[in-house]
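The values are calculated or read from the model by the stated rules, or taken from the named source; none is laboratory data. Everything quoted here is computed from the prediction, not taken from an experiment. Virtual Cβ from ideal backbone geometry, glycine too; neighbours counted across all protein chains shown. Just so you know, the surface numbers come from the protein's heavy atoms only, side chains and all, with ligands and any DNA or RNA stripped out. Shrake-Rupley method; radii C 1.70, N 1.55, O 1.52, S 1.80 Å.
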Amino acid sequence: MNEFARGQKGKLADLGCNSPFTVELDIAAAGMAIDVSCFGVDSADQLADERYMVFYNQLASPEGAVKLDLAGGKARFAVNLEALPASVAKLVFVAAIDGNGTMRAVGQSAMNLGGAVRFAWSGADFQDEKAVIVGEVYRKDGVWRFGAVGQGFNGGLSALLKHFGGAEAAPSAVPAAAPVPAATPAAKPVSLSKVTLEKRGDKISLDKRAGQGFGRIHVNLNWNQNSATAAPPVKIGFLAKLTGAVASTGIDLDLGCMYEMADGKTGLVQALGNAWGELDRRPYIKLEGDDRTGQVAGGENLTINGDHFSDIKRALIFTFIYKGAANWAATDGVVTIKMPEQAPIEVRLDQGGDQRMCAIAMIENVGGRLQVTKLAEYFAQEGKQSAHELMDRRFGFGLRWTTGTKD
């Protein structure tokens with residue numbers, strides 16, 4: 001592994017990095033929402049074709065030259081340099097804060113090119129910038145090279161888009177799905193929109209892709225670290241973790257799902273009881289592992305096979321504190337629901353108190369359309385009735401409850 005420092009450059013061939021390869025950005029975001037993108041620019045550092053901006057709303061460039069995978073909370077770009085047109089002279093990899101915070105708060109992070117190159121960086125290199133140009137893969141004298149940049153940028157993603165010569169589309173007055181731009185060379189404004197369900201009861205309804213299903217529906221739960229009580233620096237993940245007690249007391253926040261199939265059968269997917277689910281057979285819902293430490297980069301993740309969405313009537317996405325002090329006020333938690341060719345949907349875990357359970361969102365099949373509704377309802381055990389059971393009774397899944405463990 002070649003360890004690079006800021007400003008260092010090298011030829012990919014000399015570094016043992018041969019196309020195709022993967023570019024991974026592992027960012028300890030210290031409680032901030034950070035969007036990672038790749039700009040494919042020309043020799044004048046301009047985005048002549050907006051289709052070569054690859055980010056959360058446009059996961060692949062034409063010909064599949066650059067593809068972004070956000071599953072598991074990390075940003076992984078699959079790069080095939082041979083598929084890039086001659087007009088693209090450089091791939092610029094950036095990270096931008098969405099919302100409050102500055103780059104100085106970022107923890108120990110890294111940019112990795114396959115297993116060949118690692119560029120480590122952290123917020124100690126920055127001040128109050130909202131974004132950073134992390135690194136670039138560029139062509140010089142016909143030879144592809146890598147440069148570790150680590151340059152702060154005062155604006156966010158919108159300002160970066162303008163910096164590279166792109167145009168931002170005006171946001172729609174009504175939340176709507178964001179289609180992938182047509183595969184034609186015509187320049188179009190780039191939509192940076194996300195759909196945030198602000199209030200309890202807010203909802204959005206999405207149509208299937210033409211002639212297809214909804215594809216993989218990825219549900220990610222992450223939450224913030226309370227910097228005022230933070231422990232000594234540790235790697236705490238892409239959007240970070242709960243409070244400073246994470247490292248010392250091992251708070252365990254779990255993601256789960258109650259589901260009802262189209263035929264009326266109900267069930268549960270969660271780590272408690274090792275009920276992980278299945279993706280390619282009923283219930284077509286699967287939990288991707290369990291983080292008991294509060295230090296896994298991707299938080300908690302669950303996938304729904306949207307190509308079988310016709311078999312699912314509804315899915316209640318919930319989270320509960322399995323271990324540690326209940327303190328929802330400190331989490332600033334967020335659930336992000338992503339699927340192909342749609343704008344990401346965000347639901348934030350606001351309000352709440354000392355309850356241990358939160359019903360986050362309901363995903364429903366309404367006449368073949370996918371409807372997401374923000375719930376943000378909290379439950380605490382009452383006598384012998386667990387929070388799980390009370391939530392079930394509230395939403396009518398009719399499950400039978402017994403005490404379970406994850407061991």
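Cβ separations smaller than 8 Å between residues 6+ apart or across chains give the following pairs from the stretch 277-289 residues that are within 14 Å of Met258 (Cβ to Cβ) to residues that are open to solvent by 40 Å² or more (accessible area, probe 1.4 Å) and assigned to a loop (DSSP other than H, G, I, E, B): Leu287/Trp276. Of the candidates Ala95, Ala86, the single residue that is assigned to a loop (DSSP other than H, G, I, E, B) and either surrounded by fewer than 20 Cβ atoms within 10 Å (Cβ to Cβ) or of a type outside the set (Phe, Trp, Tyr) (or both) is Ala86. Taking the conditions (1) part of a loop (DSSP other than H, G, I, E, B); (2) in contact with an Asp or Glu (Cβ under 7 Å, 6 or more places away or on another chain) in turn, Ser43 satisfies each one other than (2). Which is surrounded by fewer than 22 Cβ atoms within 10 Å (Cβ to Cβ) and more than 20 Å from the chain's Cα centre (by Cα), of Ala110, Ala60, Ala5? Sole residue among the options that is surrounded by fewer than 22 Cβ atoms within 10 Å (Cβ to Cβ) and more than 20 Å from the chain's Cα centre (by Cα): Ala5. Take the conditions (1) surrounded by fewer than 20 Cβ atoms within 10 Å (Cβ to Cβ); (2) of a type outside the set (Ser, Thr, Tyr); (3) assigned by the TED database to the domain that holds Met357; (4) modelled with pLDDT under 65; Asp291 misses just one of them, which is (1). Residues of the stretch 122-171 that are open to solvent by 20 Å² or more (accessible area, probe 1.4 Å) and in a helix (DSSP H, G or I): Ala124, Asp125, Ser158, Ala159, Lys162, His163.
Would you check if Lys374 is at pLDDT 90 or above, surrounded by fewer than 22 Cβ atoms within 10 Å (Cβ to Cβ), within 28 Å of Arg216 (Cα to Cα) and of a type in the set (Lys, Arg)? So Lys374 fails the test. For the stretch 260-273, a tally of residues being more than 17 Å from Met357 (Cα to Cα) and in contact with a Ser or Thr (Cβ under 9 Å, 6 or more places away or on another chain) returns 2.
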